[in-house]
Amino acid sequence: MKYFFLIWAGLWRKKTRTILTMLSIIVAFLLFGLLQGINQGIKSGSSETGNHRLWTAPRMSGISSIPVSLMDQMLTIKGVLNVAHFSFFGGYYQDAKNALPAFATNVDKLAILYPELNITKAQIAAMQATRSGALIGRRLARKYGWKIGDKVPVGTTIWTNSDGSNNWAFDVVGIFDPTPQFDRSPLGSAFWINYDYWDEARKFDKHRVHQFFEQIDDPQKAAQIAAQIDRLSANSPDETRTQTENAALQSQLKRLADINFIANSIVGAVMFTLLFLTANTMMQSVRERIPELAVLKTLGFTGNTVSVLVMIESLMLCVFAALIGLACSAGAMKVIGAVLGPIRLLPIVVVSGIAIAVALAIVSGLPPALRAQRLNIVDALAGR
Amino acid sequence: MSALSQIAAVSAMNIRSLPQRAGTSSVVVIGIAGVVAVLISVLAMSTGFIRTLQKTGPANRAMVVRTGASAELVSVLTNEAALAVADSAGVKKGSDGRPLASPETLLVMNLSKKDGDDASAPFRGLTQDGFAVHPEIKITSGRSFRPGVNEMIVGKAAQRLYKGLDLGAHIKLFDSTWTVVGTFASDGTGRESELIADQQTLNSAYHRGNSLQSVWVILDPRGGFQTFKDAVTTNPQLQVDVSTEKDFSARQASNISNILKFVAYVVGGIMAIGAVFGALNTMYSAVSTRSREIATLRAIGFGPAPVVVSVFVEALLLALIGGAIGASLAWLVFNGHSVDTLGGGFGGQLIFDLAVTPGLVAQGIIWACVIGVVGGLFPAIRAARLPVATALRAV
C-alpha cells in the first residue's frame, strides 16, 4: 500500500493516453455487460415459479391441437396439482392491422397457475357469470381505451362461429394488473376469453386446445412428471411434448436466433481488440519509463518489486475501467428494460466481467513487468 | 515549395516511417477491422433475410389469403372460396383451358435440426396443378410425390438443416408414416425451406378437412393485377385480401430485418466509439514520437497544413487497411453462411444465406474512414500547434 502514490503517479504520467485507454476498456465492458446481460437474462428469463410449471404442446406440430380431455387424465398423475389450458384465438380489433393476442382458457385455473397475472377472485367470478366475458391485461386495455362493460367486436381469420360468421364480440368484465415481469409478456398483455363459450360456438376443432400448463409440487421431479404426461398420449394421433416452462421458453427463443452464439462472437471480437490495445499501451508506457525504473532500482528497489509495481498499475487500469463499464451497462439495461421488459445485470455477468478484466491486466501487464524486472541498471540509465 | 508538394513530401515521409510504429499502428487497424467485421456480418444477416424473402418466382404471380390474415399460417379459406378465386377474371388459363390457380395448405411440422435443436418446418400441401403455378420448383433428385400416398419432397435448404430428411427416409407424423421421395430447388426462394406433399393427403394427416390457407394464381398479362384484384374483392362470396407475391413477401420481411439492422447499428456504434478511442491513442502517440521531426519540419519552413494532412493521411490509411481486413474477414467467414430464423410471418423456420454485398462492404469502409478521420483529427491539431522551440529542445 505504501507504493500506492508511486503507482498512481505512474498511471497518470500521460493523462491523455491513460484516459483514452480507460475509455476504450469502459466501452468494451459496456458492450460485454449488455450482450452477456441480455443473453443471461434471457436464459434465466422466467420467474422462480416457472420451475413449478410444465408446458404441454402437440409433439408433431406447433399449430396442431390436442384433446382437452387429457386434462382430467393429467390430474390423476401424482405431483400434478392444477392444469390450465390455452388456445390461440388470434383475431383483430376493427382493422386487420390491429392483431389481438386473444386466447381461450379456463380462467380459474389460469389464475392459480399464473399468480403473477394478479387475477382476482372477483374477476374469476365475473368471467364465470358472463360467458362471453373477456379479461384483459392492463397494457392492452389502455392501448385501446377499453373499460369494464365495453363490448369489443373481434374479427378473426380462422374461427367461424355457430352463425357462420367471422365476427365475434366479447364483454369486458375485468382488467388485471400483472407483475412488472409479466406486464409485457404474451400472457400478461392478453385478451382472455372463456374456453367453454368459445368451444361451444366455434365450428371446427371442437374439444381441443393448443397447449396445457401444469402446476407441479416439486421441480425436482419435473422430468419424471413430464414423461408421465407424455405417456398419456403416446402412440395416439395426438402425441404431446412436455417441458418445463423455462426450457420451452428457451427453445422458442433459439428458433428466433442463436443469441448465445451471436453475443459470444461479438464479445470475442471486442475482447481481442481490447487486449491488443491495452497490451500495447502498457508496453509503450513502460518503454518510455525505462530510465525512471532504472532510477528506482538504483535506489534499492528489487527487480521483483518493480515488476509488481508495473503489474498493479495494469490491474488498476483494467479493473477500474471494467467496473465503470459494467456500471454503465447496468444503467443502459434500465433504459432498454423499459422497452423490452425487465432484464438486469446478473451477478454472474459482473463476476465474469471482473475475471476477464483481471486476465486482461495480467496478459497485457506481464511482458512489460518482466522487462522491468530484468532491467540492467547501467544500460537503462545510459539509454542503451 | 508549393503547399501540395509539401503535403506530398511530408505524407510520404510519414508513411515510410509507419513500419517503425507497427505495434501501435496495428491498434487502429485491428480495432477498426473488428468494428467493420461485426457491422457487416450482422447487416449481411438482414440483407440475406430480405433477399430470400424478396426473391420470388414469376413476376406475374399473385396470392390470396383470408381478409386480415397477416401471414399465410393464420389464414383459413374454404374449398368453395378457392374455386371462386380460380374462376375470377384476370387469371391466366393453362394450355388445357383451366385456370392457373393453386389452392395451398400451409402447416408446420416439428423436426430436429442437425445441431440438436427443435424447429418447426413449414409443410405445404400442393395439388398437381400447383407445379404449373410454381414453375421455379424443380426436382433435383428422386421424383415428385404421388397423390393419395404419404410421400413428400423436401427443399434443399430444409434437407441441409434438419435430421432425417434424406432421400428414402421415413418420418412419423401423427398416426401416419411419410417417405421422402425427392429433393427440390426453387431458385433460392423461401420455398427451399419447406416440405411439400399432396394437399388432400396432408390435410387428412392433420385432420384439416378441406380447409386451405391460400390460393396462388398466375395473372393474365392482358388484365394484369388490377383486373384480378377488382374481380376478387368485388365478389360478395369472398372475404379475402389480394397481393402480388412481391408485396406480400416484402411485408413479411420488414420486421425481422429492422431488428437486425437495429442490433448492427447499436452494437457497431458502441464498438466504433471504442475504436475511436483506440485510434486517438495511437495517433496521439504517433504525433508524440514524431514531435522532434515535426518541429524540425516546421523550423525549416513547412507550414502547419502539410503536417495536419500528413497525420490525417496516416490515420485514413490505417483505417482503410482495417476496414479492408474487417470486410474481407466478414466476407470469407460469413458470405453464403446459412442461418435460420422463425418469424417474419413466414410459416415456420426460414433458412437463408448471409449476403455480404458490395453495398455493405462500401458501408463498412465508410465507417472505417469516419473512425479514422475522427481518430486523426485531434492529434493532427496537436501536431500543428506544437510549439517549435519546445519540441526541438525535448529529449
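In this simple spin-label approximation, A:A129 and A:E288 carry label points 7 Å from Cα along the Cα→Cβ vector, and these lie 7.9 nm apart. Beta-bridge orientation, chain B: approximately 80 percent antiparallel, per DSSP, counting only bridges with both partners inside. Counting Cβ atoms of other protein chains within 10 Å of each residue's Cβ and taking the mean over peptide A:11-22 gives 3. If you wrap the Cα atoms of segment B:78-157 in a convex hull and average its projected area over all directions, you get 7.2 nm². With Rh defined as the Kirkwood radius, the inverse of the mean 1/r over Cα pairs, the Rg/Rh of segment B:76-222 is 0.98. What nm value, rounded to one decimal, do you get for the distance between A:E200 and B:N79 when each label is placed 7 Å out toward the C-beta? Simple spin-label model gives 3.1 nm for this pair. Partners of A:K143 within straight-line reach, counting aspartates and glutamates whose Cα lies under 20 Å from its Cα and excluding those fewer than 8 residues away in the same chain: A:D95, A:D171, A:D177, A:D183.
For segment B:76-83, the Karplus equation 6.51 cos²θ - 1.76 cosθ + 1.60, evaluated at θ = phi - 60°, returns couplings of 10, 10, 8, 4, 4, 4, 4, 5 Hz by residue, with Gly and Pro reported as x.
Shape summary of chain A, radius of gyration then Dmax from alpha carbon positions: 30.5, 102 Å. Over segment A:63-182, the ratio between the Cα radius of gyration and 2.2 N^0.38 Å evaluates to 1.13.
Can you compute the FRET efficiency between A:A169 and A:W12 using 1/(1 + (r/R0)^6), with r the Cβ-Cβ distance and R0 = 56 Å? Round to the nearest 0.05.
0.20
A crude spin-label estimate for the pair A:D72 and B:T67, with each label 7 Å from Cα along the Cβ direction, gives 4.0 nm. Projecting the Cα positions of A:G149, A:A134, A:I112 onto the charge dipole of segment A:70-156 (unit charges on Cβ atoms of Lys, Arg, Asp and Glu, taken about the Cα centre) puts A:G149 furthest along the positive direction. When Rg and Dmax are taken over the Cα atoms of the protein assembly as shown, they come to 32.9, 104 Å. Taking every C-alpha pair closer than 8 Å and separated by at least 6 residues, the mean separation divided by the residue count of chain A gives a relative contact order of 27 percent. Here's how it looks for B:S141: its modeled amide H is under 5 Å from those of B:T183, which are all 5 or more places away or on a different chain. If you take all other residues with their beta carbon under 11 Å from the beta carbon of B:T47, and give Lys and Arg +1 and Asp and Glu -1, the sum is +1.
With the Cα gyration tensor of segment B:156-214 giving a ≥ b ≥ c as the square roots of its eigenvalues, does the rule (a/c under 1.5 for rounded; else a/b larger than b/c for prolate; else oblate) give rounded, prolate or oblate? Judged from the Cα gyration tensor, segment B:156-214 comes out oblate (a/c at least 1.5, b/c at or above a/b).
Where does the charge balance sit around A:G137 when Lys and Arg score +1, Asp and Glu -1, over other residues with C-beta under 11 Å from its C-beta? Net local charge, A:G137 excluded: +3. For segment A:144-152, putting each phi into the Karplus relation 6.51 cos²θ - 1.76 cosθ + 1.60 with θ = phi - 60° gives couplings of 9, x, 7, 9, 4, x, 5, 9, 9 Hz, in residue order, rounded to whole numbers and with x for Gly and Pro. The residues packed around B:G125, meaning those with a beta-carbon under 9 Å from its beta-carbon, carry a net charge of 0 if Lys and Arg are +1 and Asp and Glu are -1. Close amide H pairs (under 5 Å, H built 1.01 Å from N) link A:A102 with A:F89, A:G90, A:F191, residues at least 5 positions away or on another chain. For the pair A:V378 and A:L299, a Förster radius of 22 Å applied to the C-beta separation gives a FRET efficiency near 0.90, rounded to the nearest 0.05. Three semi-axes describe the equivalent ellipsoid of segment A:138-202; taken as square roots of 5 times the Cα gyration tensor eigenvalues and ordered largest first, they are 24, 13, 11 Å.
Taking a straight line from the alpha carbon of A:K334, these lysines sit under 19 Å away, with near neighbours fewer than eight places off in the same chain left out: A:K43.
Take each peptide in A:231-243, B:273-285, count the other Cβ atoms within 10 Å of every residue, and average; sorted highest first, the result is B:273-285, A:231-243.
Here's how it looks for A:G133: its modeled amide H is under 5 Å from those of A:D171, A:N194, which are all 5 or more places away or on a different chain. List residues of segment B:128-156, by number, whose backbone nitrogen lies under 14 Å from a label position 7 Å along Cα→C-beta of B:S95. Label zone hits: B:132-133. In whole angstrom, segment B:284-339 maps to an equivalent ellipsoid with semi-axes of 39, 10, 6, each derived as √(5λ) from the alpha carbon gyration tensor and ordered largest first. The lysines whose alpha-carbon is closer than 21 Å to the alpha-carbon of B:K93, local same-chain residues fewer than 8 away aside, are B:K229. When the square roots of the Cα gyration tensor eigenvalues are ordered a ≥ b ≥ c, the ratio a/c for segment B:221-312 is 1.5 or more and a/b exceeds b/c, which makes its shape prolate.
Read-outs throughout are calculated quantities, based only on the coordinates presented, and are distinct from any laboratory measurement. From a predicted model like this one, the values you see are computed outputs, not experimental measurements. Cβ coordinates were reconstructed from backbone atoms using ideal geometry, including for glycine residues, and neighbour counts include every protein chain displayed.
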